[in-house]
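Chemist: Here it is, the structure in full.
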Amino acid sequence: MLIDLSHKRVIVTGASRGIGRAIARAFAKEGARVAVCARTQADIEAVGAELATTAQAVIARAVDVTDTAGVKAFVDEIAAAWGGVDVLINNAGQGRGGNLDTLTPEQILEHANVLQMGHFRFIQAVVPHMRKQRWGRIVEINALAGTQITPDGIPSVVNRAGCIAMSKSLGMSLPKDNILVNTLNMGWIDTGQWDRHYR
């Protein structure tokens, strides 16, 4: 099957490195218009410069996924520049370890604000644009920690499970608007995140 991604308007969050950067590169090579974001301005500008060699167009911005107004402003900028948004790849958010004896409730909530609420903020920002055009695709990058429970890593277990449940719920409510939602639950992938995580 040939899937033509040329000119598609794509947002990839958490795109400064690892899985997000690889996804953004793949869309760029297919000739999509790619908007990328991450927390660090210098890092995301470097990715934007790289993508510009193959993508139809690039927008690269520093965005904090815990900032509701900032997320909406980023999405609205893309929709205004390109006339809409076709695809959201919700990738931002890292794993976090810890157990009953090492964690505070505030640490779990902090992780949830980045992961669950970060994903929710982006979906809430893009869906009005997708509804307006009656077409959209949302891919939630999640992890097996949300389905294959482990004794350590409570923040990842709890918050990935929440993200997966949210994806399934939205996947039931949004198809009436011709918006499809899928979750991709990643296993162990050799990225720099795991080196940082275990150090």
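Chemist: Only four residue types carry charge here, +1 at the Cβ of Lys and Arg and -1 at the Cβ of Asp and Glu. Report the dipole size of region 1-71 about the Cα centre in Debye, rounded to the nearest 20.
Modeler: Here region 1-71 has a charge dipole of around 120 debye.
Chemist: Also, I was wondering about something else. With each label point set 7 Å from Cα along the Cα-Cβ vector, what nm distance links R39 and Q148?
Modeler: Rounded to a tenth, the inter-label distance reads 2.7 nm.
Chemist: Same structure, new question: Using 7 Å Cα-to-Cβ label points, what is the T66/H7 separation (nm, one decimal)?
Modeler: Reported label-point gap for T66 and H7 is 4.1 nm.
Chemist: Let me ask something else. Using 0.36 nm per residue, how much length does the chain from A22 to A73 gain when fully extended, once their Cα-Cα distance is taken away? The partial results should precede the final answer.
Modeler: On the way: separation 51, 0.36 × 51 = 18.36 nm, distance 2.46 nm.
Separation in residues times 0.36 nm, less the Cα-Cα distance, equals 15.9 nm.
Chemist: Please report, in debye to the nearest 20, how large the charge dipole of the chain is about its Cα centre when each Lys and Arg carries +1 at its beta carbon and each Asp and Glu carries -1 there. Please list the in-between numbers first.
Modeler: On the way: 21 positive and 18 negative charges, 117 e Å.
The calculation lands at about 560 debye.
Chemist: So what's the angle, to the nearest 10 degrees on a 0 to 90 scale, between helix 68-82 and the longest Cα principal axis of the chain?
Modeler: The answer is roughly 20 degrees.
Chemist: Compute the label zone of D101 within region 146-165: residues whose backbone N is under 18 Å from the point 7 Å along Cα-to-Cβ.
Modeler: Of the residues in region 146-165, 150-155 have backbone N under 18 Å from the label point off D101.
Chemist: Which value in deg cm²/dmol, rounded to the nearest 500, describes the helix-derived mean residue ellipticity at 222 nm for the chain, given -39,500 (n - 2.57) per DSSP H run of n ≥ 4 and division by the residue count? Before the final figure, lay out each step's value.
Modeler: Values: 7 runs with 93 residues, N = 199.
My calculation for the chain gives -15000 deg cm²/dmol from helical runs alone.
Chemist: Of the heavy-atom accessible surface of region 1-132 (probe 1.4 angstrom), what whole percent is carbon and sulfur? Write out the running numbers ahead of the final one.
Modeler: Values: 3440 of 6370 Å².
That share works out to 54 percent.
Chemist: Each label point is 7 Å from the Cα along the Cα-to-Cβ direction; what then is the distance between the points at A46 and Q133, in nm?
Modeler: Distance between label points: 3.1 nm.
Chemist: Another question, then. Of the candidates A32, A60, A42, which one comes out as most mobile in a Gaussian network treatment of the chain with C-alpha springs shorter than 10 Å?
Modeler: Largest GNM mean-square fluctuation: A42.
Chemist: Over the chain, average the accessible area per residue using a 1.4 Å probe and give it in Å², no decimals.
Modeler: Working: 10150 Å² over 199 residues.
Here the per-residue accessible area is 51 Å².
The values are calculated or read from the model by the stated rules, or taken from the named source; none is laboratory data. Since the model is a prediction, treat every value here as computed from it, not as a measurement. Cβ: placed from backbone, ideal geometry, glycine included. Neighbour counts: every protein chain shown. For the accessible areas, the whole protein counts, side chains as well, though only heavy atoms, and no ligand, DNA or RNA atoms are used. Shrake-Rupley method; radii C 1.70, N 1.55, O 1.52, S 1.80 Å.
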